[in-house]
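Just below is one structure, and these are the notes that go with it.
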Amino acid sequence: MSGWRATLGRAALPVAVALAVLAGWELLVRAAGIPEFTLPAPSRVAQALAEHGASLAGSWWYTLKITFGALALACAGGVLIAALFALSPALERALFPLAVVLQVTPIVAVAPLILIYVDSTTAALLLCAWIVAFFPILSNTVIGLRATDPQLRELFRLYRATPWQRLALLRAPSALPYFLAGLKISGGLSLIGAVTAEMVAGAAGRETGLASRILEASFRTETPKMFAALVLLVATGVLIFAGFNALSRALLGPWHAAESSRPH
Amino acid sequence: MPAPAPAAPTEPAAPLLALQGVDRRYPGGLLALQSVSLAVQAGEFVALLGPSGCGKSTVLRLLAGLDEPSTGTVGAPARRPGPDGQTAFVFQEPTLMPWARVADNVALPLRLQRRPAAEVDAAVQGVLARVGLAGFARAWPAQLSGGMKMRVSIARALVTRPRVLLMDEPFAALDDITRQRLNDELLQWWQAQRLTALFVTHSVAEAVFLSQRVLVMAARPGRVVDELRIDQPYPRAPGWRHTPAFAAACARLSAALQGAAVAG
């Protein structure tokens, strides 16, 4: 019984479906003679990807920096604010509505304002992506910090644990699965936030991300290049999700029911 | 001479655990305990027997310092587990940290007291061997059966070498065979460590098998209504459960329990 043969077996079905879709797409475009500025065939997208690979890679790197920068700030901010909320319920009552307001405001609607107020485009993009990404981490960590087993809390009380010991040895480990669930959501969201904000910021600027390249290509009706940039974005999103999934499994695998008893 | 004398002719001056005229009224007005007085001397094994809702657990929580009386006094020199770990508590559920291996769960009380690592390791190894879990130090709680989890919980209670062991129906969720085996071993641990034990249960047979003295409680309001001595010297062999003397003691205790129910 080899583990990775089983993994290969599980992957076979989705890979087959993806290949079938691509083949159907290629056939449709060729058979119907669809012009490439309307719908380029997958082979044409691959060609565009190769052609513009070097320049797209630079933009991809920029988008990646915004995404992970925002995500790192979202982790720091979300966890820090959640810890403050856990220490002071009054603070939570006072500030949680504000966090909800930030969360429900469509980012496309505030991004123009942020771009006005914040001088540096990079900083504005970071802020936009952060606003989108931090809420799942905050709300999940708040719940996680509260989800400690009451009897374990009493046990710590019996042994006169200090507040720091309670945080490090009880509340943080109890909150970890919740935090990681938030991280999985926020990883994807910070990419969406970064791309959305770039779209609003437009194609201007020396350093630009993948969204700006999509805009730029759309002005010139370079549809294959648009698809090529899109492919990079989707691949990035999938890799981010897979990465955090793996991280979650590595951290929780041995002990957490949700991770140890899942089918894949 | 590990076995304490069942009935000391002269009462020692200060009991290790004592309630004097204790009422416990909850904010809703519910009277959980009404003028409860009891005393447990050093080295005794006392059972607290009664129907559910009679306040047995409240008595333990008061003695552990997890709850405060509305009126009356709680006298217990070993009341709160200080750095020398004088009182240990075993909950009805194993109450283990799922993210920590067996050895780390057992080590918790010592780590909270910031004992040196070498001392902690030695104590954990010793106590795991004593409760029959020597090979399971690196196992996760999720991999253990209910009975083994309870052994871990007891090992964690014993690791500080406490003087007093408070147990709140620790074996109620276990099957009969596991329960009897743990009862047999509990008496060995009690004798070996010269513990003072207060054991809450709703099982007549368990109370008879384990204790020298049974306090019978009644519900609504919770109060101590009767007290019986079980005059069987220790060590008590497992086979004692099948003797006429055991059956007679159970019958006496059942009658007392029924009398308590009628009185209530």
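Of the residues B:Asp175, B:Asp231, B:Asp23, which exhibits the maximal mean-square fluctuation in a Gaussian network model of chain B defined by a 10 Å Cα contact cut-off?
B:Asp175
Which cross-chain or sequence-distant (5 or more) residues have an amide H under 5 Å from the amide H of B:Gly72, H modelled 1.01 Å from N in plane?
B:Asp23
Going Cα to Cα from A:Lys184, which lysines come in below 27 Å? Please leave out same-chain ones fewer than 8 positions away.
Within reach: A:Lys65.
Could you calculate the FRET efficiency of B:Arg194 with A:Ala6 from 1/(1 + (r/R0)^6), where r is the beta carbon distance between them and R0 is 45 Å, rounded to 0.05? Working shown, then result.
Details: r = 54 Å, r/R0 = 1.21.
Here the calculated transfer efficiency is 0.25.
Who wins for biggest fluctuation among B:Leu108, B:Leu63, B:Leu158 in a Gaussian network model of chain B, springs between alpha carbons below 10 Å?
B:Leu108
Residue by residue through A:146-153, how many Cβ atoms from other chains fall within 10 Å of the Cβ on average?
Numbers: counts 0, 0, 1, 6, 1, 7, 7, 1.
Mean shielding by partner chains, rounded to a whole number: 3.
B:Met217's amide H: which non-local residues (gap 5+, or another chain) put their own amide H closer than 5 Å, with H modeled 1.01 Å from N in plane and none for Pro or chain starts?
Answer set, sorted by chain and number: B:Leu49, B:Gly50, B:Val225.
So what are the ³J(HN,Hα) numbers for segment B:148-158, from phi and the Karplus equation (6.51, -1.76, 1.60; θ = phi - 60°), rounded to whole Hz, Gly and Pro as x?
Here the 3J(HN,Hα) series is 5, 4, 5, 4, 4, 4, 5, 4, 5, 5, 7 Hz.
If each DSSP helix of 4+ residues adds -39,500 (n - 2.57) and the sum is divided by the residues in chain B, what number results at 222 nm, nearest 500 deg cm²/dmol? Before the final figure, lay out each step's value.
Numbers: 7 runs with 91 residues, N = 264.
Value at 222 nm, helices only, nearest 500: -11000 deg cm²/dmol.
Can you give the log10 of the normalised intensity I(q)/I(0) at q = 0.31 Å⁻¹, computed with Debye over equal Cα scatterers of segment A:91-147?
Debye curve over Cα of segment A:91-147, log10 I(q)/I(0) at q = 0.31 Å⁻¹: -1.21.
By how many nm would the segment from B:Ala172 to B:Ala134 lengthen if fully extended, with 0.36 nm per residue of separation less the alpha-carbon distance? Kindly include the intermediate steps, with their values, before the conclusion.
Working: separation 38, 0.36 × 38 = 13.68 nm, distance 2.45 nm.
Computed gain between B:Ala172 and B:Ala134 is 11.2 nm.
Using alpha-carbon pairs under 8 Å, 6+ residues apart, how would you state the relative contact order of chain A in percent?
On the way: 289 pairs, mean separation 65.5, N = 264.
Computed over chain A, the figure is 25 percent.
Give me the one-decimal nm value for the distance between modelled label points at A:Val231 and A:Trp25, 7 Å along each residue's Cα-to-Cβ direction.
Once both label points are built, they end up 0.8 nm from each other.
If you take the beta carbon distance between A:Val238 and B:Arg114 as r and set R0 to 35 Å, what does 1/(1 + (r/R0)^6) give as a FRET efficiency, to the nearest 0.05?
Numbers: r = 46 Å, r/R0 = 1.31.
FRET efficiency, A:Val238 to B:Arg114: 0.15.
Tell me, what HN-Hα J-couplings in whole Hz come from the Karplus equation 6.51 cos²θ - 1.76 cosθ + 1.60 at θ = phi - 60° for each residue of segment B:188-200, using x for Gly and Pro?
5, 5, 4, 5, 5, 9, 6, 7, 10, 10, 10, 10, 8
Quick check: Cα centre of segment A:171-240 to Cα centre of segment A:80-158, how many Å?
21 Å
Taking the dipole about the Cα centre of the protein assembly as shown, with the C-beta of Lys and Arg at +1 and of Asp and Glu at -1, give me whichever of B:Leu144, A:Pro14, A:Ala82 is farthest to the positive side.
B:Leu144
How large is the helix-only mean residue ellipticity at 222 nm for chain A, computed as the sum of -39500 (n - 2.57) over DSSP H runs with n ≥ 4, divided by its residue count, in deg cm²/dmol to the nearest 500? Let's see the in-between values first.
On the way: 11 runs with 211 residues, N = 264.
Taking each H run of at least 4 residues, the total per residue is -27500 deg cm²/dmol.
Simple spin-label model, 7 Å along Cα-to-Cβ: A:Phe96 to B:Tyr234 in nm?
With each label placed 7 Å out from Cα toward Cβ, I get 4.9 nm.
Taking each residue of B:108-116 in turn, how many C-beta atoms of other protein chains fall within 10 Å of its C-beta, and what is the average? Intermediate results must be reported in sequence, preceding the final value.
Values: counts 8, 6, 1, 4, 10, 4, 2, 0, 0.
The mean count of partner-chain Cβ atoms within 10 Å per residue comes to 4.
Near B:Gln212, within a Cβ-to-Cβ distance under 13 Å, what is the net charge of the other residues, with Lys and Arg +1 and Asp and Glu -1?
Values: positive: B:Arg213, B:Arg229, B:Arg236; negative: B:Glu44, B:Glu227, B:Asp231.
Net charge in that neighbourhood comes out at 0.
Under a no-solvent Debye model with one identical scatterer per Cα of the protein assembly as shown, what's log10 I(q)/I(0) at q = 0.06, 0.09, 0.11 Å⁻¹?
Results for the protein assembly as shown at q = 0.06, 0.09, 0.11 Å⁻¹ read -0.47, -0.80, -0.99.
Sequence gap at least 6, Cα distance under 8 Å: using those rules, report the relative contact order of segment A:1-146 to the nearest whole percent. Kindly include the intermediate steps, with their values, before the conclusion.
Values: 85 pairs, mean separation 40.7, N = 146.
About 28 percent, as a whole number.
Which of the trypsin sites (Lys or Arg not before Pro) found in segment A:155-239 are in a DSSP loop and have at most 13 neighbouring Cβ atoms, other than their own, within 10 Å? Don't skip to the end; give the middle numbers.
Values: sites: A:Arg157, A:Arg160, A:Arg166, A:Arg171, A:Lys184, A:Arg206, A:Arg213, A:Arg220, A:Lys225; in loops: A:Arg160, A:Arg206, A:Arg220.
Passing both the DSSP loop test and the Cβ count: A:Arg206, A:Arg220.
So between A:Ala46 and A:Arg146, what do we pick up on full extension, going 0.36 nm a residue minus the alpha carbon distance? List each step's numbers first, then the result.
Numbers: separation 100, 0.36 × 100 = 36.00 nm, distance 4.89 nm.
My answer for the length gained is 31.1 nm.
Quote the accessible area belonging to A:Ile81 in square angstrom, nearest 10, computed with a 1.4 Å probe and with ligands, DNA and RNA left uncounted.
Near enough 50 Å² of accessible area.
Once you've got the GNM for chain B with C-alpha springs shorter than 10 Å, pick whichever of B:Pro233, B:Pro221, B:Pro94 has the biggest mean-square fluctuation.
Of the options given, B:Pro233 has the highest mean-square fluctuation.
At 0.36 nm per residue, minus the direct Cα-Cα distance, what do A:Leu247 and A:Val110 gain on full extension? Give it in nm, one decimal, please.
Values: separation 137, 0.36 × 137 = 49.32 nm, distance 3.25 nm.
Taking A:Leu247 through A:Val110 to full extension adds about 46.1 nm, to one decimal.
The values are calculated or read from the model by the stated rules, or taken from the named source; none is laboratory data. Since we're looking at a predicted model, the values are computed, not measured. We place every Cβ from the backbone using ideal geometry, glycine too, and count neighbours over all the protein chains shown. Surface areas here come from the heavy atoms of the whole protein model, side chains and all, with no ligands, DNA or RNA. Shrake-Rupley method; radii C 1.70, N 1.55, O 1.52, S 1.80 Å.
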